[in-house]
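Following: one structure in structure tokens, then a few remarks.
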Amino acid sequence: MEMAQIRQDDSDMRELYKAAGNGCKTTLDRLILKDPHLLSKISLTSLSETPLHISALVGHLEFSKALLLLKPQLTRELDSHRRCPLHLASAEGHTEIVQALLDEDKDACLVSDQDGRIPLHYAALRGRVEVVRKLIIAQPNSITRVVLDGGETVLHLCVKYNQLDSLKLLVESVSDEADFLNSKDHEGGNTVLHLAVMLQRIEIVKYLLSVSKVKEGADALNKMGLTALEVLNHYPKDLKSFTIQNIFMDACAVRTTKKNNLSPSLEIVVGHHDSAKRKRSSKKRWQKWLKYLRYQGDWLEETRGALMVVATVITTITFQPAINPVGGVLQPNVNDTYGWKYDLNSTCMAGNSVLACDFNHNYGFLMFMIYNTVSFTASLCVVFLLISGFPLKNRVCMCLLTFAMCTSLTFLALAYLSALSVLIPYTFFDGFAYNAALVIAGCVQLSLMVVVGMVLLFHTIRLLAWLVVKIRKFTLYIQRRL
């Protein structure tokens, strides 16, 4: 007997859910007449949705009203996603069913689902303007409810899903609440104006800038330290971005016109805003100048192989004079195997450098060896940096590499000039030729120093500019934390 009753209850429940999908009120009346407690037995089933969820989703008004009349508590029943029937009716835009549910339980407007969204959020992101209006009338404070995931407000959702009409209705309802209109999400610290610019919602940007409270907060910074207008600099320059930029310019022009008509008592505040804008303009000019000093592209990574070849060649060239010095070495003397006196002050052994033993050339030879050694050491540093695995995009590594290459090339040239000076005999020059050679050599050295100095100065300015930017960002970060 009990098994037969259970099977009958299951059959009636299936018929009830089928009637909810079809909106058949006659079937509902017959089932309730047969079993008055049928709706109370819904909680005993494994189904997460109630018949009211189904009828509200499909849009059967009379069936939904009949269910509400029989069991009003169904308005607070939640499905597996923690959504009540009002969530579903709002999302589908069934205005009359929404009204019927609100007449029975207005507090259902504040029920959040598993994502933190209330019925108003579903109606707004789907563009159900009439439903939004009814929900606002029922519970005006539902507008300020925040989505749990990401801290987005209902205004953020309207912008995200490009629902301008819903956005207008909501903004008009809270037009005096500047804090809410300019509230930021948790992820990027973006206001609705930031989000509209990022998604390039042209009509929404135009409307938001027509709202006085939003326009006053247009200078708000997100977590990247950017205003809504500055966000455009991080996106490709296309027709939409230029259109949005023109909208901001027009909004600023209108704002300036209005400021000219302000009373003298308010001009002090306006002057403060103008000063802030001038500071921002100077900041933009500074950033524009700095971009010419930034490292553009991956040219250094692309020329890593060429730099390695050049540094290796310089290392080889500068290593060679250490074992085969300029002017050659002394050969063994069959008459004196222990040594050979070249002058009174030096005793040179076989294998020693000839020029090092020559009193007239030993100073020039010493300078040659110093220049050669410095060039050798600098080229070894370049090779070390290239093979060590340091990222060449790093500013410090880049500066070290630049200084090492400039040093290596400079002292290689000086070593060449020193070698010439010790190899050519003094008797080769008469008065005029000797003076001309000195002038030419001096001009060559001076030109080389100027070129190298300009390169080093340019890279030094780049490094200092980078350090200034980093220090300013770190200072701002510390100030915000405090």
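The values are calculated or read from the model by the stated rules, or taken from the named source; none is laboratory data. Quick caveat, the model's predicted, so the values are computed rather than measured. Glycine also receives a Cβ, built like all others from the backbone with ideal geometry; neighbour counts cover every protein chain displayed.
Taking every residue in the stretch 459-476 that is assigned by TED's automatic domain parsing to the domain that holds Met405 and pairing it with any residue that is hydrophobic (A, V, I, L, M, F, W, C), at least 6 positions away or on another chain, the pairs with Cβ-Cβ distances below 7 Å are His459/Cys399; Ile461/Leu293; Arg462/Leu293; Leu463/Cys399; Ala465/Leu290; Ala465/Leu293; Val469/Leu290. When Asp179, Asp185 are checked against the criterion of being crowded, with 16+ Cβ neighbours inside 10 Å, closer than 17 Å to Gly151 by Cβ, acidic (Asp, Glu) and modelled with pLDDT under 90, Asp185 stands alone in meeting it.
Condition check ((1) in contact (Cβ under 8 Å) with a residue 40 or more places away in the chain; (2) of a type in the set (A, V, I, L, M); (3) closer than 25 Å to Leu74 by Cα; (4) not assigned by TED's automatic domain parsing to the domain that holds Gln73) across all residues:
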site	(1), (2), (3), (4)
Val98	no, yes, yes, no
Gly116	no, no, yes, no
Ala123	yes, yes, yes, no
Phe180	no, no, no, yes
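Taking the conditions (1) surrounded by fewer than 23 Cβ atoms within 10 Å (Cβ to Cβ); (2) under 18 Å from Glu49 (Cβ atoms); (3) β-branched (Val, Ile, Thr) in turn, Thr95 satisfies each one other than (2).
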